[in-house]
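What follows is a single structure, written as structure tokens, with notes after it.
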Amino acid sequence: MRSVKVTLNDVALQAGVDRSVVSRVINDDPKLNVRPETRRRVKDTIEKLGYRPNAAARSLRTNRAYMFGLLIPDFANPVYAEIIKGAEAAAGALGYGLMTASSSGVRLGLSHYLDLLGQGRVDGLLFAGEESGHELAQLRTAEVPWVLVNRTLAGSQRYVVLDDERGSRLAVDHLVSLGHRRIAHLAGPEGADTGRRRRAGYLSAMRDANLPVEDGFVVHADYTPSGGAVALERLLAGPRPPTAVFVANVASAVGALHTAHAHGVSVPRDLSMVAVHDMPLASHLVPGLTTVRMPLEELGRRALELLARRGPEEAITEVVTDPVELVLRQSTTTPRVEPAR
């Protein structure tokens, strides 16, 4: 037998209120003036009866899609899974859905999603890509809310980022505390905002420790295992390879570990390694990878909340600072003492 669909009238009748009150409770109308116990009774009745609003009717009535968009560069990068998780949870708590897409995967790019915004199919866009130039200029002229996620843009006041410089400092300070003096940086892409901030943190920490950054000790790479593998090849090819390396991204570190093994370089005996971002896979690598855990899930959650609650012209300039912590595993140790010559 087919179950009978619960209607708004059913909820109103059971809760003993007008149907408009039920509708305004569902939509979290800030102008609704009812007693707390009435609001609670309506919510309890909704849950008891299993009422689900008609999404299409709701959209027509409010002129909203009740859907946000999140554009990321690549689904293969495990970092974005945590950001998506936080954004999706925040959207659900607000009664919205989240549409996530990869600019590199579908090759549609920002223009496609701005077209969807213009058609009213999403109510706002979280943009976590690294594109530049014309595509980002489109965001500035968009007539819908948008927020940059973990990146900034010159002249923009619409972003939520992590404290990448602090994360870099934790990594470098840890290596210095172990006795390393020749510390290299496997940096992110030169054009990436996150890469610039992590490099700045590395350089600042090295200056504070009175340590020189030797020629060739900063090598840029894509945030991919293949990028990290090639970058470490370059570092190992130098006349005096480093005793430690700070890697700007956990995916890059996977490739760097592979290169070290292929060249007979023992991690951590010959080369200590620490990377930004902690993922479950980090503990299953050989050796287990020391990382800096960044609040990626909180970043996604906070970015979506601000997108939903701030007007399209309001400034959003927030740095998500906690928790940022070092996760110690087996890939870092004291430097090996070279025999006297």
Please list the non-local residues whose amide H lies under 5 Å from the amide H of T100, H modeled 1.01 Å from N, same-chain partners needing a gap of 5 or more.
L70
Gap in Å between the Cα centre of the stretch 311-328 and the Cα centre of the stretch 245-287?
27 Å
Taking Lys and Arg as +1 and Asp and Glu as -1, residues besides L49 with C-beta under 14 Å from its C-beta add up to +3
In whole Hz, what ³J(HN,Hα) sequence does the stretch 92-97 give by Karplus (6.51, -1.76, 1.60; θ = phi - 60°), x for Gly and Pro?
x, 5, 8, x, 10, x
Taking placed amide H atoms and a strict 5 Å upper bound, the residues 5 or more places from T152 or on another chain that come that close are none
Hey, what do the phi angles of the stretch 159-169 turn into as Karplus ³J(HN,Hα) couplings, whole Hz, using 6.51/-1.76/1.60 and θ = phi - 60°, x for Gly and Pro?
8, 10, 10, 8, 8, 5, 5, 5, x, 4, 4
So who's got an amide H within less than 5 Å of the one on W146, skipping anything under 5 residues away but keeping other chains? H placed 1.01 Å off N, in plane.
L125
In Å and from the alpha-carbon atoms only, list the Rg and Dmax of the stretch 174-301.
13.7, 46
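Identify the GluC sites (Glu not before Pro) of the stretch 270-340 meeting these criteria: DSSP loop state and at most 16 other C-beta atoms within 10 Å of the C-beta.
Here the sparse-neighbourhood loop sites are E313, E314.
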Defining a contact as two alpha carbons under 8 Å apart and six or more residues distant in sequence, what relative contact order in percent does the stretch 189-276 show?
26 percent
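Read-outs throughout are calculated quantities, based only on the coordinates presented, and are distinct from any laboratory measurement. Note that the structure is a prediction, hence the values are computed from the model and not measured. Virtual Cβ from ideal backbone geometry, glycine too; neighbours counted across all protein chains shown.
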